[in-house]
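Report on one structure; see the data block that follows.
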Amino acid sequence: MKLNHKDFEDARLVTVCENRIDAVCAIQFKDEMRKLTDEGPTRVILDLSQVEFLDSSGLGAVVAALKAKKLEQTLELAALQPAVEKVFHLTRMDTVFVIHDSATTAVEGAIDAS
Amino acid sequence: MHHEKFPKIPKPATDKEEAALRLVIPANEEAVREGLSTIKSGLSDLEFSQDEWSTLELVVAEVLNNIVVHAYQERNDGMIETHMDHSNGSLLCKIIDTGNPMPGGELPNKPQSDLTCATEDLPEGGFGWFLIRQLTKDLNYGRMEDQNVLTFRLKFGEAS
């Protein structure tokens, strides 16, 4: 499970470099995300543009990442592919997360800190 | 008591492809991932839309992963058999395992979770059967001797 991240002044963009978040890698994803939010700034944006498939274990892991964030932090999602968006929509989890069309629009305005 | 209607006579297949596939995999998450890819390539002659492919992959993934986690639980020698039959715009799926029966002999039917709760109370699981019920038709479960047999249809290739 490869997660890349890039830091901006008040935001961390985490990019999932895998095409699936499924039962095989859900736990690993959850653990990696916890590390990245623990030491992250106020906004954490999860770029899902490379993720073509997400099952209920994957969804559970994304929800777990939201629950693991610090109170003052936000976990936002960006660039959901249609198959991923469908899972969020059917389960109404799309009402729980702030979802951006793309990683670029999500970090717009944030100042590059790297 | 009411009379059952005669089943509708299906229209003969014209331009719709027919296909059948049978796949047996060991019950573990890696094999499920590989099996999904085998199913997609095995049925690749069928002209499904992107949305239909993703529905197929999601539903079968949920069913197979449930079997790995719940039906076989502690066992690591379990096998899962998947049959798929496509005709007249409908994909019939039959999935068989020899693990534990469904609790109460019935499929779980949990209502959709309330998400208006505090973040820390959000559910992290229980979406699987909800998704399966949303995306399938004619979902049926039966225990035949030592086998769990689940059947369902995905209605594809029809104008909606």
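The values are calculated or read from the model by the stated rules, or taken from the named source; none is laboratory data. It should be emphasised that the depicted structure is a prediction, and the values quoted were computed from it without experimental measurement. Note: ideal-geometry Cβ built from the backbone for every residue, glycine included; neighbour counts use all protein chains shown.
Could you tell me whether any residue of the range A:10-17 is without any contact (Cβ under 8 Å) to a residue 24 or more places away in the chain and within 11 Å of the chain's Cα centre (by Cα)? Talk me through it step by step, then tell me what you get.
Taking the range A:10-17 first, the residues without any contact (Cβ under 8 Å) to a residue 24 or more places away in the chain are none.
Scanning the range A:10-17, I find no residue that is without any contact (Cβ under 8 Å) to a residue 24 or more places away in the chain and within 11 Å of the chain's Cα centre (by Cα), so the answer is no.
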### Message
If I ask for residues that are of a type in the set (A, V, I, L, M, F, W, C) and within 14 Å of chain A (Cβ to nearest Cβ), which ones from the range B:19-44 would you list?
### Response
B:Ile25, B:Ala27, B:Ala31, B:Val32, B:Leu36, B:Ile39
#### Entry: Members of the range B:21-56 that are among the polar types (S, T, N, Q), modelled with pLDDT of 95 or more and not in a helix (DSSP H, G or I)
B:Asn28
### Message
Taking the conditions exactly as written (of a type outside the set (Phe, Trp, Tyr) and either within 30 Å of B:Ser44 (Cα to Cα) or away from every other protein chain (no Cβ under 14 Å) (or both)), does B:Glu74 satisfy them or not?
### Response
yes
#### Entry: Residue that is over 18 Å from B:Asn28 (Cα atoms), β-branched (Val, Ile, Thr) and over 14 Å from the mean Cα position of the chain (by Cα), where the choices are B:Thr151, B:Thr119
B:Thr119
### Message
Being modelled with pLDDT of 95 or more, within 27 Å of A:Leu75 (Cβ to Cβ) and surrounded by 15 or more Cβ atoms within 10 Å (Cβ to Cβ) is the requirement here; does B:Asn65 meet it?
### Response
yes
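Considering the range B:73-99 alone, what residues qualify as being of a type in the set (Gly, Ala, Ser) and modelled with pLDDT under 95?
To start, the set of residues in the range B:73-99 that are of a type in the set (Gly, Ala, Ser) comprises B:78, B:87, B:89-90, B:99.
B:Ser87, B:Gly89, B:Ser90 - these are the residues of the range B:73-99 that are of a type in the set (Gly, Ala, Ser) and modelled with pLDDT under 95.
For the range A:1-106, please list each of the helices (runs of 4 or more DSSP H) lying entirely inside it that holds at least 2 residues being within 22 Å of B:Val68 (Cα to Cα), touching a helix residue (DSSP H, G or I) at 6+ places or on another chain (Cβ under 6 Å) and within 14 Å of another protein chain (Cβ to nearest Cβ). Reasoning before the result, please.
Working: elements: A:26-38, A:56-68, A:82-90.
Counting at least 2 such residues, we get A:26-38, A:56-68.
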